[in-house]
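Visitor: Dumping the structure here so I can ask a few things about it.
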Amino acid sequence: MPIEYYFSLALVMFLCGVCGVLFRRNILFVLMSIELMLNAVNLVFVSGSTFLKNLDGQIMVFFVITVAACEAAVGLAMVIALFRRYGTIKSEFFRILRG
Amino acid sequence: MGLTSSELPFIVDLIATLSKIVVVFLIGLNVPPIMLWVERRVPALMQRRRGPNRVGFFKWRLWGLFQAVADAIKLIFKEEAVPAMANKWFFHLGPVFSVFPAFLVLSAMPFGEYIEVMGYQISLVAVQVNVGFLFILAMAGMAIYGVALSGWASTSKYTLLGALRASAQMISYEIPLGLSLIPIALVYNSLDLTEIVKGQSHFWQWGIFLSPLSFIIFLVCMFAETNRTPFDLAEAESELVVGFHTEYGSTKFAAFFLGEYVSMFALSLLCSILFFGGWHLPLLSRENLINLTGSVNLAALVGVGVLFLKAAFFMFLYVWVRWTVPRFRYDQLMKLGWKFLLPLGLANIAVTAGILALNF
Amino acid sequence: MSDQLVFWGLAGFITLSSVAVVTVRNPVTAAVALVINLFLLAGVYAFQGADFVAAIQIIVYTGAIVVLFLFVIMILNLDPEHLRSPRPRIWEHLVLGVVIAGFAYIGYRFLDSLDVGKVASNRLPDNTYDVAMILFSNYLWPFEIVSILILLAIVGSVAIAKKPK
Amino acid sequence: MLIWLVLLFPLVGAVWNGLLLPRHKLLSHSIAVAGVGLSFLAALPLFVSLLGEGAAGSVHLAFSWIQAGDLDIGMEFVVDRLSGVMLLIVTGIGSLIHIYAGGYMNEEKTTARFFSYLNLFIFMMLLLVLGNNMLVMFIGWEGVGLCSYLLIGYWYTHKPNAVAGMKAFVVNRIGDFGFLIGIFLTYKMFGTLSFSQLHEVLAGQESLSPALTSGLTAIGICLFIGACGKSAQLPLYVWLPDAMAGPTPVSALIHAATMVTAGIYMMTRLHFIYYLAPSALMLVAFVGGATALFAATIALVQNDIKKVLAYSTVSQLGYMVLACGVGAFDAGVFHLLTHACFKALLFLGAGSVIVALHHKQDMQEMGGLKKYLPITHAVFLVAVLAIIGFPGLSGFFSKDEILWRAFSFPGVGWVLWLMGLFAAMCTAFYMVRLLCLTFYGKNRSDEHTRHHLHETSSVMWAPLVVLAFLSIFIGYLGIPPFLAEAFHGSNLFSPFLSSVIQVPPAGEVYWSFLHEHHSEALEWSLMGASTLLALGSASFAFILYRNGPTPFLQERKEAFASVYRTLYNKYWVDELYDRIIVRPLKEMSEFLWRVVDLGIINGGLNVLGQSLMFLSGVTSFQMTGSLHRYAVVFILGLMGLVVLVIV
C-alpha cells in the first residue's frame, strides 16, 4: 500500500481528534479525542517505520502509548476529582484559567 | 495479525484455514454442553448423590448425558426479555463482546504440530500468530468489555456492581497472568506457542518443572480471569443475584455461558500447552510416537487427544475447586492480586532472567 | 488485491469509528467506538508487520486505557442533562470549516511534497526480536525514564482521585 | 583502588546515618565507627606502600570536574608521604574518637544525626587532605567548616551553642575569603591549581624575578589568612574557644586533632610557594609565635576545663605555625602528629570528667577526682606530661625541635625562640593547674554529684588508653639527630617527609642555613634550659594548686587584679571586635535593609508591579477562561503558522 494512504488515514483521525477537543463540552470526550490524536500520531510512526525499514518508529510508539496511559490515568483521576468537587464535568463550567 | 505467508498454494491455504476455523468453532461450541453435564454430575459425585439422570431416549440414559441437550434446548427456546430501562444497543452487544474474544483466544491455540493431507503440511493452529501468547493476553483483555457493557446496559444496581467488580478483578489479575507468562517466554526463547511446545519435547523440560512458580501464579489467575470460584465475586448469588448477567435470559444468557466455558477451556488448553508439554506424552517423544504409530497424522491425532486430556483435567479442576473452596472477600481478592501475586510474578521474572543470564 | 481489501476495510471502519467517537452523545457509545477504532488500528499495525506493537496496542489501549474510561463513565453515571450538548453557535461552524479546510490543505501539501513516490510499502518481516534489541539498548534510558513517569502517574492519579478525608 | 575505599566508607556512613536516621543508638554508632574504621583499615596498606625507600606519591584522577577553556580541574587525589601521614591521623584518631563518642553521647535520644555529621566531617577532611588541587582542597576546607558549624551547634536548642556555631562559621568565612583570593591569584599567575603542576613550575625556576617573588608573597599571605581562619591564629582565633560549645568528642576530633590543623597542612602542602616567599613566611612565624604566647597567657586563668584546653590548642597551633614560619615544615607536621594524640587525649579525658560530673565544666567545682576516676586520671597525667614537654614523652621531642629550629633561624630567630620558650613555660603552668584543680585536692562538687561519681564505661576509656600509649611513644619517631646519635637510634620522621618537603632550587641560597651544623653543646644546653624552665614552672604550679583554690591564691589574685582581669577577660578581644566590626556592620545592615532594600528596591518593584497589573487589566478582556476558546485560538494559530511556512 502506498504510504500516503496511511498518512491520510492518520490525518483524518487526527482531524476528528482536534474537532473533538475543540467542540465537545464534556471533558470525558475531550480526553477520548486526545487519545484519538495520539493514535493518529502512532499510526504515522508505525507507517513510517515500516516504510523506512527502521524500527525506531515502533519504539516511539511504545513511548507514546506509555505517555497516553499516564495522561489518561491522571486525566480521568482529575475528572473524578472535579466531578466530586463541582458536580459537573462540563468544560465551560471551569473558568479558573481566567485568574 | 501477522498471518505468516505459508508456502501452501493460496487455495489450499484458504480451504485449510476455513476448515480449521470451522473445527475450532465446533470444538468451542461443544464445550458448554459437556461442561453443563460435568458441572452437575461431578458435584453430585462429591456429595454422594445421583445428580440428573432422567433425561434420555427410551432406556438409554447415559448417566444423564442428555440433560445437557435438554438444558441447551431450554435456553434457546426461552422467551427473551429486555429490561425497559436498558440501553438496547449495548444490551444486545454485551454477549457478543463476551463470546468473540473467547473464540479468538481459542483460534490462536495450537492443537498439534501438523498433519499431512495430500502431501501438504497443514499446521494444527487456526491462526498462526508470531507473537502468540501476547495475542492471547490481548484477547483475554477484550473480554472485559462484554462484562462491563452488559452490566452497565442492563441499568440495574446488581448488574452494574457485578460488572465493576468483575472488570476490576479481570484487570487486576491480567497483570500477574501476563507476568507469569514472561518466564516461560524467556525459558523457551519464543513467543510462539508452537515453538514453546516444541521446546517441551522432553518430560523434564515441561514448563511446570522449569518455572513452577509461574504455574502457581498462572493457576490462580486462571480462576480469577474466568470469574470462577473462589473468585466468583462478580456473580456472588447471595450478594448480587448473579452479577452482570442478571437481566439476561434465553439465548443471550447462553452466549455468556458459552463465552465463560470457552475461555475456561482456552485457558486450560493454554495451561497444558505452557506447563504440561502440550501434545507431548510424558515419557514418549514425538519421534518415537511417529515411529510407533507409523504415521504423522496418527501421531498428531494422539497428540491432540493427549492435549485434550490434559485440558480436561483442568476443566475438572475448575469444577472440583468450585465445590471445595469458599469464596474470597473482595479486599482479600485485591490484596492477593496486587500485594502478593504481582510482586511474586516480578520476582519470578527477575530470578528466571538472572538464572538465564548466568547461562545456567 | 486482498491487501487492498483489508486496508480499505480497516480504513473505512477506522474513519467511521473516529467520527463516532467525537460525534455521539453517549459517552459509553463513544468509548466503545474508541475501542473499535483502536482495535482496528492494531489490525493496521499487524497488517504492516508490526505485530508486537499491535499486541501492545490491544493490551494497553483496549485492555487498560479505555476500560479506565468506561469505569469512570460508569462511576460518574452522568444524568442525561449532562450529556446534552448546547446548540452549536455560528462561530463554531465557522471554525469547524476553517479547521477542516486547513487540515485538508496542509495534508494535501504534505502528501504532495512526499518524494517517495507511489512505492508500495512492504510488510516488515517478523521483528519482535529486533524491536526488543533496540528498545533495551539504544532506548534504555528513555525506557527507564518513561517507567518513572508511569510510576508518578500512578501515584498522582491515586492522590488526585482519592476521596478527601 | 584503596584510595576510593578510603573516601567511600565515611561517605556511605554519613549518607546511611543521615538519610535513614536509624533510631537505634548502637546501630548508628556501629555504622559510624565502621565508616571511619574501615577507612582507616584501607588507609593502612596505602601508608605501608609509602614506607619503602624513595616511594613516590601517586595521583589518582576520579573524573574531570570542571572544564572550561584552558581551565581543566580534575577531581584528583594525591597519595604521598605527607597526605599519608595526615590520612593516618585523620582516620586513626578519628576512629578512636568515634568509638569514644558512642559512650559520650549515650544520654542522647538518637545519635544518627550526630554520627552522620561526624562521618561527613571525616569524608570532607579526607577530601581536604587528599585533594591534589586547590579547588578539591577547598571543597574539603569548606566541608569541614560546615561540619564544624553543624557540630558546634549540635545542641542548637540552646541559644549560645547556635551562636557559637555561627561565630565559627562567620570568622572562618573571613579566612576562606583570603584563601579564595589566594586561589584566584594562583590561577592568574600560573594558570593551574594543581599542586603537582605548581610544584613542577616552581621547582623548575633557577632564579626568581621580583614580580614572581612579590606575587608569591601575595599568594602566601592570602593563603595564610585562610590558614589563620581554620587554624585559629591571631587575629581570627576567636571562634575556637567558643566552639567548645559542641559535644566534647567533636572538640577533640575537629577542634583539636584534625580540622584546625588544616591550615598547617595546607601551608606544608604548598611549602614550595612559602620557601620562595620568605617575607610572607616571616609574617607567618611572628603570627605563630605571638599566637602561641598570647593564647597561653589567657589559658593561665581560665576556669572552664574545656576553655583552658581550647586556648591551649590555639597556643599549640601557634607553635606549629611558628615552625612553618621558620621553614621547619617537617617539625610542624611532627608537632601536629604528637599534638593530635595528646590533645585528643586531653579533650577526651576532659570529656570523661564532664560526663562523670553530669556536664559540669567549671574546674572550681571539681577537685579530688583521682579517687573516682583512676583510669582517666592516669591517662590525663600522661597527656599533661606530654604536652608540657616532660623528657621522653612525645611533646618533648616535637616542641623541642620547633624551639631549636626557631633558635637556629638567622636574625630574629632568638626572638621567636624566646616567645616559644615563654609560651612553653605558660603551657606547663596552666596544664599542671588544670591537672591539680581537677584531680587533686579535695572534691568541691555538691553532694549529689559526688554520690554518682564513677569511672566511665570501657567504650570511653579504652580509646583513651590507646591514645595514652601513642602520646608516650609516638615522639620516638622524631628524636632530634644529636640525641639519636647518643642513643644509637635515628630520626625517622624528617627524612621520611624530606622526599615531599624540599626547598626549591631558587630558594636554596636563602634557606642554606637549614643544612648548617651547630655544635651539639648548644643543642644540649638549649634543650636543657627549656626543659628545666618548663619543669620549674610546672612544679611552681603544682605547689600553688596542689590543694585546689586556697585563700593564699585568692590573695594573690587580688594583688594582681588588673593583670588577672585582663587575662580572665581574654584581653577583651571579643569586646573589641564587637565594638569595631560587629556593631558598625549591624548598623550598616540596618541602613541597607530599612532604607535601601525596603525603600528603594521594594518600592521600585512595587511601582513596576502595579503598573503591570494595570496594563494587563487593560488588555485581559479577551481572556474568557474558556478552555475551548483557547484551544481554538491555539489550533488556528498553529495552522496559520504551518500554512505560512509551506505556502
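Visitor: Which of the peptides D:547-559, C:99-111 is most tightly packed, and how do the rest follow, judged by the mean count of other Cβ atoms within 10 Å per residue?
Guide: C:99-111, D:547-559
Visitor: Still on this model: Hey, with R₀ at 22 Å, roughly what FRET efficiency would residue B:88 and residue B:250 work out to, going by the Cβ-Cβ distance, to 0.05?
Guide: E between residue B:88 and residue B:250, to the nearest 0.05, is 0.90.
Visitor: I need the shape label for the protein assembly as shown. Rule: rounded when a/c is under 1.5, else prolate if a/b > b/c, else oblate, with a, b, c from the alpha carbon gyration tensor.
Guide: Judged from the Cα gyration tensor, the protein assembly as shown comes out prolate (a/c at least 1.5, a/b above b/c).
Visitor: So, one more: Would you please put D:279-290, D:418-429, B:316-327, D:353-364 in order of how densely packed they are, using the mean number of other Cβ atoms within 10 angstrom per residue and starting with the highest?
Guide: The most tightly packed comes first, giving D:418-429, D:279-290, D:353-364, B:316-327.
Visitor: Can you bin the range D:59-109 into rounded, prolate or oblate? Criterion: square roots of the alpha carbon gyration tensor eigenvalues sorted a ≥ b ≥ c, rounded for a/c under 1.5, prolate for a/b above b/c, oblate for the rest.
Guide: oblate
Visitor: Enumerate the amide H contacts of residue D:65 below 5 Å, restricted to partners 5 or more residues apart or on another chain; note that Pro and chain-start residues carry no placed amide H.
Guide: D:73, D:74, D:75
Visitor: Still on this structure, please answer the following. Rounded to the nearest 500, what is the 222 nm mean residue ellipticity of chain D from helices alone, with -39500 (n - 2.57) per DSSP H run of 4+ residues and division by all residues?
Guide: Using -39500 (n - 2.57) per qualifying helix, the result is -22000 deg cm²/dmol.
Visitor: Could you please rank D:545, D:568, placing first whichever residue has the fewest other Cβ atoms within 10 Å of its Cβ?
Guide: D:568, D:545
Visitor: Which ³J(HN,Hα) values, rounded to whole Hz and listed in residue order, are derived for the range B:143-152 from phi using the Karplus coefficients 6.51, -1.76 and 1.60 in 6.51 cos²θ - 1.76 cosθ + 1.60 with θ = phi - 60°, glycine and proline given as x?
Guide: 4, 4, 5, x, 5, 5, 5, 5, x, 6
Visitor: Which peptide among D:595-603, B:187-195, C:126-134, D:401-409 comes first, and what is the full order, when sorted by highest mean count of other Cβ atoms within 10 Å?
Guide: D:401-409, B:187-195, C:126-134, D:595-603
Visitor: Same structure again: Run the numbers for residue D:146 and residue D:540: contour at 0.36 nm per residue of separation, minus the present Cα-Cα distance, in nm.
Guide: Length gained, residue D:146 through residue D:540: 137.7 nm.
Visitor: Need one value for C:103-113: mean number of C-beta atoms belonging to other chains within 10 Å of its residues' C-beta atoms.
Guide: Counting Cβ atoms of other protein chains within 10 Å of each residue's Cβ and averaging gives 5.
Visitor: Search the structure for amide H atoms under 5 Å from the amide H of residue A:26, placed 1.01 Å from N in the peptide plane, and list their residues when 5 or more places away or on another chain.
Guide: A:91
Visitor: On C-alpha positions alone, give me the angle between the axis of helix D:458-473 and the longest principal axis of chain D, in degrees, nearest 10.
Guide: Helix D:458-473 sits roughly 60 degrees off the main axis of chain D.
Visitor: Here's another thing I want to ask about it. Note down the relative contact order for the range D:1-154 as a percent, whole number, built from C-alpha pairs under 8 angstrom at least six residues apart.
Guide: Taking the mean separation of contacting Cα pairs over the length of the range D:1-154, I get 30 percent.
Visitor: Hey, what do the phi angles of the range B:286-300 turn into as Karplus ³J(HN,Hα) couplings, whole Hz, using 6.51/-1.76/1.60 and θ = phi - 60°, x for Gly and Pro?
Guide: Values, residue by residue: 4, 4, 4, 5, 4, 4, 5, 7, x, 8, 5, 4, 5, 4, 4 Hz.
Visitor: Figure the gain on full extension for residue D:620 and residue D:56 (residue separation times 0.36 nm, minus the Cα-Cα span) and round it to one decimal in nm.
Guide: So the extension gain works out to 195.7 nm.
Visitor: When Cβ neighbours within 10 Å are restricted to other protein chains, what is their mean count per residue of peptide C:39-48?
Guide: Shielding by partners across C:39-48 averages 6.
Visitor: Here's something else I'd like to know. Give the separation of the Cα centroids, the range D:433-451 to the range D:556-592, in Å.
Guide: So the two Cα centres are separated by 31 Å.
Visitor: Counting other C-beta atoms within 10 Å, which of A:24, D:444 has the fewest, and how do the rest follow?
Guide: Going from sparsest to densest Cβ surroundings: D:444, A:24.
Visitor: I would also like to ask the following. If amide hydrogens are placed 1.01 Å from N in the peptide plane, which non-local residues have theirs closer than 5 Å to the one on residue B:125?
Guide: Residues meeting the amide H criterion: B:111.
Visitor: Could you sort out which of B:198/B:310; D:307/D:370; D:307/D:343; B:20/B:310; B:78/B:252 sit more than 19 Å apart by Cα distance in this structure?
Guide: Exceeds cut-off: D:307/D:370; B:20/B:310.
Visitor: Would you compute, for the Cα atoms of chain D, the largest minus smallest coordinate along each principal axis and list the three values in descending order, in whole Å?
Guide: 102, 69, 48
Visitor: Let me ask another. Given N residues in chain B, what is its alpha carbon radius of gyration divided by 2.2 N^0.38 Å?
Guide: After normalising by residue count via 2.2 N^0.38 Å, the value is 1.03.
Visitor: Tell me, what ³J(HN,Hα) does each residue in the range D:368-385 have, in order and in whole Hz, if you take phi through Karplus 6.51 cos²θ - 1.76 cosθ + 1.60 with θ = phi - 60° and put x for Gly and Pro?
Guide: The phi angles translate into x, 7, 3, 5, 8, 10, x, 5, 4, 4, 4, 5, 5, 4, 4, 5, 4, 4 Hz.
Visitor: Another question, then. With labels modelled as points extended 7 Å from the Cα through the Cβ direction, what inter-label distance (nm, one decimal) is found for residue B:203 paired with residue D:633?
Guide: 7.8
Visitor: For residue D:457 and residue C:148, what is the calculated FRET efficiency with R₀ set at 51 Å and r taken between the beta-carbons, to the nearest 0.05?
Guide: 0.60
Visitor: Could I ask something else about it? For a quick check: sort D:537, D:58 by the number of other beta carbons within 10 angstrom, fewest at the front.
Guide: If I rank by nearby Cβ atoms, fewest first, I get D:58, D:537.
Visitor: Let me ask something else about it. If I model a spin label as a point 7 Å beyond the Cα along the Cα-Cβ vector, how far apart are those points for residue D:512 and residue D:67 in nm?
Guide: It is 4.9 nm.
Visitor: Multiply the residue separation of residue D:484 and residue D:173 by 0.36 nm, subtract the distance between their alpha-carbon atoms, and state the gained length in nm to one decimal.
Guide: That pair, residue D:484 and residue D:173, stretches by 107.6 nm at full extension.
Visitor: Averaged over peptide D:624-633, how many Cβ atoms belonging to another chain are found within 10 Å of each residue's Cβ?
Guide: 6
Visitor: In whole angstrom, note down how far apart the Cα centers of the range B:294-345 and the range C:143-160 are.
Guide: A separation of 34 Å, based on Cα centres.
Laboratory data are not the source of any read-out in this text; all were calculated from the coordinates shown. Computed from a prediction, not measured in an experiment: that's the story for all the values here. Glycine also receives a Cβ, built like all others from the backbone with ideal geometry; neighbour counts cover every protein chain displayed.
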